[in-house]
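Just below is one structure, and these are the notes that go with it.
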Amino acid sequence: MAEYFPGLKKVEYEGPESKNVFAFRYYNPEEEIMGKKMKDHLRFSVAYWHTFRGSGADPFGAATMDRPWDDGSDSIENAQNRMRANFEMLEKLNIDYYCFHDRDIAPQGASLEESNENLDKVVAVAKELQAQTGKKLLWGTANLFSNPRFMNGASTNPDAHVFAYAAAQVKKALEVTQELGGENYVFWGGREGYMTLLNTDMKRELAHLARFLQMAVDYKKKIAFGGTLLIEPKPKEPTTHQYDFDAATVISFLKSNNLDTEFKLNIEANHATLAGHSFEHDLQTASDAGLLGSIDANTGNLLLGWDTDQFNMDIRSATAAMLVVLNQGGLAPGGLNFDAKLRRESTDVEDMFLAHIGGMDAFAQGLRTAAQIIEDGVIPGMVKERYSSYDSGIGAKIESGTTEFTELETYIKENGEPQGKSGKQEKYEIILNQYLH
């Protein structure tokens with residue numbers, strides 16, 4: 001079998017003192033953190049669309065990246081070669097999972113039937129490689145945004161014909177995800193939104209979106225797919241307003257349509273910041289609702305203001321994320337998917353490896369730091385103390401629902417004006433920085 005990365009060896013853990021950029025300094029997959037192996041906490045995944053279909057092209061310029069194994073054609077043979085390269089990369093990076101859209105891995109045909117046949121031919125190769133390597137599919141999904149048919153949306157399209165096509169495409173994508181043992185299936189509403197309300201019946205479109213998702217639930221049960229269904233929020237781009245704006249919006253939508261027991265959320269960092277939130281805010285919002293299922297581990301450039309999908313190498317951000325994950329008991333069957341792409345100027349094949357090594361080490365360091373914060377108990381103890389007035393007395397009655405306005409008025413008359421207590425934000429930040437080294 002051809003070697004697609006002949007100059008690159010398997011990446012090994014060398015420890016924090018290593019200066020080797022092709023080695024892990026913090027990611028030690030077999031090391032136990034809080035009773036679980038690091039690889040089981042993090043469950044890293046390669047995003048096929050950016051890593052093996054990304055070319056460096058952007059709205060202002062053509063492709064900059066040359067991949068020796070990719071001849072640029074839409075042939076099945078070329079698509080199968082990309083899949084083989086993917087598995088070699090997974091092996092050499094010691095990553096257990098990958099993710100894809102249906103149109104990432106196989107070319108679209110002249111008809112739905114031909115597209116499905118193309119997909120089956122590439123899935124057969126993936127299935128064989130999974131059996132050989134032990135690598136797994138974290139999640140699959142359908143691309144319902146690139147083709148011109150979806151210019152006005154997929155399930156929210158005003159044309160029922162397009163709705164039907166989207167349903168047929170998701171049906172097939174669910175089937176191949178199941179065939180490959182995928183542990184989740186993601187819905188991202190790439191064009192599920194509107195450009196202007198002048199031509200939009202928003203109430204009707206949202207009803208159609210709910211109907212579409214219920215159909216997906218019904219089909220999941222029909223084929224006995226055991227994976228988790230995930231929804232990935234995004235506030236804008238490419239539409240002016242996306243219906244899946246942020247975690248809170250998606251949670252509200254699911255609960256309003258009695259779908260919250262059937263779906264969880266896949267939170268992407270760059271999408272959270274586009275919505276005006278921090279990464280950890282959307283993670284915490286989803287987790288508090290019991291609906292944090294998986295993470296797209298990337299970041300954005302706040303100076304640019306659009307979805308730049310960069311590899312997150314910020315230790316503070318990774319630590320904040322892993323605190324949420326550890327406090328909810330883990331992500332499985334979800335994981336940390338590197339929905340991130342190389343910068344347009346990073347054109348070498350080895351840059352594909354360096355980017356993932358840096359991202360993996362950042363989240364591994366974040367995991368170590370978050371575990372230490374939890375185990376030391378200093379910050380959690382300070383938070384507990386801050387809310388201690390609700391642990392007894394009138395506070396406990398408020399939380400238990402055993403008081404009402406009249407009693408609370410009497411309490412104030414008897415106890416007078418509350419004394420304000422400092423939030424100590426700077427103290428928290430100093431203590432956090434003591435862990436970040």
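The values are calculated or read from the model by the stated rules, or taken from the named source; none is laboratory data. Everything quoted here is computed from the prediction, not taken from an experiment. When we count neighbours, we look across all protein chains shown, and the Cβ atoms used for this are built from the backbone with ideal geometry, even at glycine. Heads up: the accessible areas ignore ligands, DNA and RNA and are worked out on the full protein's heavy atoms, side chains in. Shrake-Rupley method; radii C 1.70, N 1.55, O 1.52, S 1.80 Å.
For the chain, the solvent-accessible area with a 1.4 angstrom probe is 48 square angstrom per residue.
With the charge dipole of the chain set up from +1 on Lys and Arg Cβ and -1 on Asp and Glu Cβ about the Cα centre, the Cα lying farthest toward the positive end among the listed residues Leu265, Tyr243, Leu112 is that of Leu112.
Among the chymotrypsin sites (Phe, Trp or Tyr not before Pro) in the stretch 1-73, those located in a DSSP loop and surrounded by at most 13 other Cβ atoms within 10 Å of their own Cβ are Phe60. Nonpolar atom fraction for the stretch 101-164, defined as the carbon and sulfur part of the 1.4 Å probe accessible area, stands at 53 percent. Surface composition of the stretch 201-303: carbon and sulfur atoms hold 52% of the protein heavy-atom accessible area at a 1.4 Å probe. By its C-alpha gyration tensor, with a ≥ b ≥ c as the square roots of the eigenvalues, how is the stretch 10-145 shaped: rounded for a/c under 1.5, else prolate for a/b larger than b/c, else oblate? Taking the square roots of the gyration eigenvalues as a ≥ b ≥ c, the stretch 10-145 is prolate. Residue by residue, the stretch 284-289 carries 3J(HN,Hα) couplings of 5, 4, 5, 5, 4, 8 Hz when phi is fed to the Karplus relation 6.51 cos²θ - 1.76 cosθ + 1.60 (θ = phi - 60°); x denotes Gly or Pro. Sketch the reach of a paramagnetic label on Ser278 as a point 7 Å from Cα along Cα-to-Cβ, and name the residues of the stretch 332-373 whose backbone nitrogen lies under 20 Å away. Within reach of a label on Ser278, which here means backbone N under 20 Å from a point 7 Å along Cα→Cβ, the stretch 332-373 contributes 362-373. Were the residues from Asn94 through Asn199 laid out at 0.36 nm apart, the gain over their Cα-Cα distance would be 32.9 nm. Full extension of the segment from Asn258 to His241, taken as 0.36 nm per residue of separation minus the current Cα-Cα distance, would add 3.8 nm.
Alpha carbon centre of the stretch 1-71 versus the stretch 338-413: separation in Å? Distance between centres, Cα-based: 27 Å. Listed by chain and number, the lysines whose C-alpha is less than 23 Å from the C-alpha of Lys421, apart from same-chain residues fewer than 8 away, are Lys384, Lys397, Lys413. Helix 76-93 and the longest principal axis of the C-alpha atoms of the chain enclose an angle of approximately 50°.
Among the trypsin sites (Lys or Arg not before Pro) within the stretch 369-437, those in coil by DSSP and having at most 10 neighbouring Cβ atoms inside 10 Å are Lys421. In straight-distance terms, cross-link reach from Lys221 covers every one of the aspartates and glutamates whose alpha-carbon lies under 19 Å from its own, apart from those fewer than eight places away in the same chain; here that gives Glu175, Glu179, Glu183, Asp260, Glu262.
Extending 7 Å from the Cα toward the beta-carbon at both Ala131 and Glu385 defines two label points whose distance is 6.0 nm.
Within the stretch 390-437, the proportion of C-alpha pairs whose separation exceeds 17 Å stands at 57%. For the stretch 295-437, a simple Cβ point-charge model (Lys and Arg +1, Asp and Glu -1, everything else neutral) yields a dipole of about 240 debye relative to the Cα centre. What separates the Cα centres of the stretch 178-239 and the stretch 255-272 is a distance of 10 Å.
Around the Cα centre of the chain, unit charges on the Cβ atoms of Lys, Arg, Asp and Glu (plus for the first two, minus for the last two) sum to a dipole of about 340 debye.
Sorted largest first, the principal axis extents computed over the alpha-carbon atoms of the chain equal 80, 59, 44 Å. Between Trp69 and Lys37, residue separation times 0.36 nm minus the direct Cα-Cα distance comes to 8.1 nm.
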